[in-house]
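To start, the structure itself, in structure tokens.
The values are calculated or read from the model by the stated rules, or taken from the named source; none is laboratory data. Keep in mind the model is a prediction, meaning the values are calculated, not measured. Every residue, glycine as well, gets a Cβ built from its backbone with ideal geometry; the counts of neighbours run over all protein chains shown. Please note that ligands, DNA and RNA were not included when accessible areas were found on the heavy atoms of the full protein model with its side chains. Shrake-Rupley method; radii C 1.70, N 1.55, O 1.52, S 1.80 Å.
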Amino acid sequence: MSTILWITLWGAALTYLTRIGGHLVLSRFETVHPRVEAALNAVPAAVLTTLVAPALLTAGPAEFIALVVTAVVSLRYGMLALFLAGAATLILLRQVIG
């Protein structure tokens, strides 16, 4: 087997184990402490920040404007509108700006 296939299989297995492991650990408790619940609720925002921040700092003007448009749309509309507005803005601006 190739190295890439092994890396993919190990990555999939470890991802699955971390996800099921977290579920198994939390399922042992009857109630989850409010601080733990608050921390778990903050994880998606933290992950999103780690994905968006580097793009914001290293991207060009088209990407920056698309991020701003996406942020504004996210305040009012749902996920589908957010995705469509961000993608459409980025595609349009890359065609215009380059």
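Looking only at segment 38-60, which residues are closer than 30 Å to ILE97 by Cβ and either open to solvent by 80 Å² or more (accessible area, probe 1.4 Å) or hydroxyl-bearing (Ser, Thr, Tyr) (or both)?
LEU48, THR49, THR50, LEU51, LEU57, THR58
Report, by residue number, each residue of segment 20-51 that is within 20 Å of the chain's Cα centre (by Cα), at pLDDT 90 or above and charged (D, E, K, R).
none
Pairs, please: C-beta under 7 Å, at least 6 apart or cross-chain, first residue closer than 24 Å to ALA66 by Cα and in segment 37-54, second in a helix (DSSP H, G or I)?
Final answer for the pair search is VAL52/LEU67.
Considering segment 61-83 alone, what residues qualify as being more than 14 Å from the chain's Cα centre (by Cα), open to solvent by 60 Å² or more (accessible area, probe 1.4 Å) and over 19 Å from VAL96 (Cα atoms)?
If the condition is that a residue be more than 14 Å from the chain's Cα centre (by Cα), open to solvent by 60 Å² or more (accessible area, probe 1.4 Å) and over 19 Å from VAL96 (Cα atoms), then VAL72, LEU75, ARG76, TYR77, LEU80 are the ones that fit.
Out of VAL32, VAL52, report the one residue that is touching a Leu at 6+ places or on another chain (Cβ under 7 Å) and not in a helix (DSSP H, G or I).
Result: VAL32 is the single residue among VAL32, VAL52 that is touching a Leu at 6+ places or on another chain (Cβ under 7 Å) and not in a helix (DSSP H, G or I).
Name the residue that is nearest to PHE83 (Cα to Cα), counting only residues in segment 25-37 that are of a type in the set (A, V, I, L, M) and surrounded by 10 or more Cβ atoms within 10 Å (Cβ to Cβ).
So the residue we want is VAL36.
Over 30 Å from ALA71 (Cβ atoms), free of Cβ contacts under 8 Å to residues at least 12 places away in the same chain and in a helix (DSSP H, G or I), is that true of THR8?
yes
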